[in-house]
């Protein structure tokens with residue numbers, strides 16, 4: 001294991017599938033969006049994910065609105081999260097500053113995926129690729145690895161830099177499948193071997209869906225996948241305990257020289273997670 | 001065992017009577033394996049015990065239809081209720097589904113040929129562009145256990161395929177799963193096809209998935225929406241007049 005990509009924490013909270021944000025998007029509540037963007041930055045997010053998809057609303061306009069609004073209060077780069085290529089294209093037009101990540105494409109090459117890929121190549125920005133294809137999400141680690149490999153092949157051939165490809169191996173809940181966790185860990189091992197250059201991206205909290213005390217499962221799962229090479233995390237950065245775990249992880253995988261960030265965080269009282 | 005007890009001369013007669021009583025009470029308990037016990041074992045999700053009790057009940061000559069309805073199905077309904085009350089977690093509901101399937105497998109060869117027709121035929125799948133299968137798989141399992149005949153058409157299903165399958169299998173209900181804001185409108189497309197082909201009233205159309213709601217279902221001309229697999233069974237029962 002090389003751990004060559006720095007751990008990346010992406011704030012997940014500006015997502016319209018969360019009822020409060022859905023309301024803020026529907027009513028174009030500027031202040032609610034701005035406050036949450038600021039809050040996530042203060043909590044240590046490296047990037048912020050923006051998803052403005054509310055059915056019955058105009059996502060193309062809403063995502064662009066959200067981008068401009070968030071960029072008025074923070075310089076953090078953004079993840080433009082939409083299943084509508086048109087919404088992403090429009091959002092990119094108003095986007096300023098450090099390169100964003102486009103989220104996402106899948107192995108089921110649909111309309112608009114070529115556009116997203118060329119946008120990512122032209123703008124030299126990140127691209128999230130999910131390990132699912134027309135047959136859905138396979139519960140076999142080998143099959144998902146094959147989807148990952150074909151996505152790698154397709155995107156890098158088109159000119160995307162490997163380090164701009166964020167492969168999402170898709171974390172599934174252990175509530176629905178006893179071996180979902182094991183399959184994921186095995187997939188991580190295979191991806192490290194076969195696709196060492198690509199970055200690995202995930203929404204880790206899916207693993208605990210339906211479980212009691214989800215935090216405990218999440219906090220246990222994250223160090224396990226960090227150890228196996230996961231490096232980009234779409235997470236609730238407002239979870240202080242989680243951010244402390246990340247600091248410890250970074251020190252443990254040699255990404256924190258002399259553990260200075262860890263020690264500094266300790267002195268600032270940021271590792272006190274009893275609250 | 002009785003003989004060995006009775007022939008042990010060293011035992012006092014009181015002790016012998018006591019031992020006989022213990023033996024008989026064991027015998028009595030064994031015979032007491034009743035339908036509620038099977039149900040309770042099921043509700044407690046004691047997999048191995050539930051399976052062996054079902055087998056034991058069959059061996060004892062208990063009516064298989066009674067074991068099925070009063071034990072397994074009643075147990076599943078109780079588990080579903082506990083899930084809705086947030087006493088049981090999703091993993092427990094999934095486990096109960098698997099246990100139910102295993103018990104039904106044990107019991108099926110003993111069931112009379114015609115235990116009555118299925119409650120209805122349901123087509124289930126994820127709409128075009130949608131690749132999530134966990135949700136509808138759980139719905140399929142609960143519907144089957146509730147007595148429905150279920151045909152799963154898979155993920156990423158073109159709208160017309162739902163219609164064709166429904167016609168081919170003479171379905172009662174078309175159930176669609178949609179998890180994304182962008183794929184939900186495909187549910188409306190299926191309804192539109194049914195209307196255009198003048199067969200809308202032949203089928204009940206229901207939807208489910210993280211981003212769906214009862215209001216969306218209504219606005220798209222569907223007959224209902226369910227939040228989870230337990231509700232989906234109730235919805236189908238209600239739509240087909242089984243409730």
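Please work out which residue is farthest from residue B:240 (Cα to Cα), limiting yourself to segment B:174-202 and to residues that are away from chain A (no Cβ under 14 Å), touching a helix residue (DSSP H, G or I) at 6+ places or on another chain (Cβ under 6 Å) and not in a helix (DSSP H, G or I). Among those residues, the one meeting the criterion is B:176.
With respect to (1) more than 12 Å from chain B (Cβ to nearest Cβ); (2) touching a strand residue (DSSP E or B) at 6+ places or on another chain (Cβ under 6 Å), the lone exception for residue A:107 is condition (1). So for segment A:156-168 (the condition being within 14 Å of chain B (Cβ to nearest Cβ) and outside any helix (DSSP H, G or I)), does at least one residue qualify? The answer is yes, given that some residue of segment A:156-168 is within 14 Å of chain B (Cβ to nearest Cβ) and outside any helix (DSSP H, G or I). Residues that are closer than 27 Å to residue A:242 by Cα and surrounded by 18 or more Cβ atoms within 10 Å (Cβ to Cβ) within segment A:16-29 comprise A:16, A:21, A:22, A:24, listed in sequence order.
The residues listed here are A:112, A:159, A:107; of these, the one that is exposed (fewer than 15 other Cβ atoms within 10 Å of the Cβ) and in contact with a helix residue (DSSP H, G or I) (Cβ under 6 Å, 6 or more places away or on another chain) is A:159. Against the conditions (1) away from chain B (no Cβ under 14 Å); (2) under 17 Å from the mean Cα position of the chain (by Cα); (3) within 19 Å of residue A:47 (Cα to Cα), residue A:124 satisfies every one except (2). Here B:160, B:94 are screened, and the one residue that is in a helix (DSSP H, G or I), at the interface with chain A (Cβ under 10 Å from one of its Cβ atoms) and without any contact (Cβ under 8 Å) to a residue 60 or more places away in the chain is B:94. Based on this model, can you work out whether residue B:169 counts as in contact with a strand residue (DSSP E or B) (Cβ under 8 Å, 6 or more places away or on another chain), in contact (Cβ under 8 Å) with a residue 40 or more places away in the chain, over 30 Å from residue A:51 (Cβ atoms) and surrounded by fewer than 15 Cβ atoms within 10 Å (Cβ to Cβ)? When the stated conditions are applied, residue B:169 passes them. Would you confirm whether any residue within segment B:203-215 is farther than 17 Å from residue B:135 by Cα, within 13 Å of another protein chain (Cβ to nearest Cβ) and free of Cβ contacts under 8 Å to residues at least 24 places away in the same chain? Taking every residue of segment B:203-215 in turn, at least one turns out to be farther than 17 Å from residue B:135 by Cα, within 13 Å of another protein chain (Cβ to nearest Cβ) and free of Cβ contacts under 8 Å to residues at least 24 places away in the same chain. Considering (1) assigned to a helix (DSSP H, G or I); (2) closer than 19 Å to residue A:4 by Cα, the lone condition that residue A:230 does not fulfil carries the number (1).
Got at least one residue in segment A:87-100 being modelled with pLDDT of 95 or more and under 17 Å from the mean Cα position of the chain (by Cα)? Checked segment A:87-100: at least one residue is modelled with pLDDT of 95 or more and under 17 Å from the mean Cα position of the chain (by Cα).
The set of residues from segment A:127-146 being in a loop (DSSP other than H, G, I, E, B) and either more than 11 Å from every other protein chain (Cβ to nearest Cβ) or surrounded by 15 or more Cβ atoms within 10 Å (Cβ to Cβ) (or both) comprises A:131, A:132, A:135, A:137, A:138, A:139, A:140.
Here residue A:205 passes the criteria (1) crowded, with 22+ Cβ neighbours inside 10 Å; (2) assigned to a helix (DSSP H, G or I); (3) at pLDDT 95 or above except the one numbered (3). Scanning segment A:42-55 for residues that are more than 14 Å from every other protein chain (Cβ to nearest Cβ) and either touching a residue at least 60 places away in the same chain (Cβ under 8 Å) or over 14 Å from residue A:79 (Cβ atoms) (or both) yields A:42, A:43, A:44, A:45, A:49. Filtering B:129, B:154 for residues that are within 14 Å of chain A (Cβ to nearest Cβ), on the phi > 0 side of the Ramachandran plot and surrounded by fewer than 17 Cβ atoms within 10 Å (Cβ to Cβ) leaves a single hit, B:154.
Table: residues versus (1) in a helix (DSSP H, G or I); (2) modelled with pLDDT of 95 or more; (3) touching a helix residue (DSSP H, G or I) at 6+ places or on another chain (Cβ under 7 Å); (4) at positive phi.
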position	(1), (2), (3), (4)
A:216	yes, yes, no, no
A:219	yes, yes, yes, no
A:254	no, yes, no, yes
A:262	yes, yes, yes, no
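Taking residue B:140 as the residue in question, decide whether it is under 25 Å from the mean Cα position of the chain (by Cα), within 14 Å of chain A (Cβ to nearest Cβ), on the phi < 0 side of the Ramachandran plot and not in a loop (DSSP other than H, G, I, E, B). In short, yes.
Against the definition (buried (at least 21 other Cβ atoms within 10 Å of the Cβ) and within 14 Å of chain B (Cβ to nearest Cβ)), how does residue A:174 come out, yes or no? Yes; evaluated as a whole, the condition is true for this residue. Just to be sure, is residue A:99 away from chain B (no Cβ under 14 Å) and surrounded by fewer than 17 Cβ atoms within 10 Å (Cβ to Cβ)? For residue A:99, the condition - away from chain B (no Cβ under 14 Å) and surrounded by fewer than 17 Cβ atoms within 10 Å (Cβ to Cβ) - is met. Please find, within segment A:156-170, the residue that is farthest from the chain's Cα centre (by Cα) out of those that are within 18 Å of residue A:201 (Cβ to Cβ) and without any contact (Cβ under 8 Å) to a residue 40 or more places away in the chain. Among residues in segment A:156-170 that are within 18 Å of residue A:201 (Cβ to Cβ) and without any contact (Cβ under 8 Å) to a residue 40 or more places away in the chain, the one farthest from the chain's Cα centre (by Cα) is A:156.
The values are calculated or read from the model by the stated rules, or taken from the named source; none is laboratory data. Keep in mind it's a predicted model, so treat the numbers as computed, not measured. For neighbour counting, all protein chains shown are included, and Cβ atoms are generated from backbone atoms with ideal geometry for every residue, glycine included.
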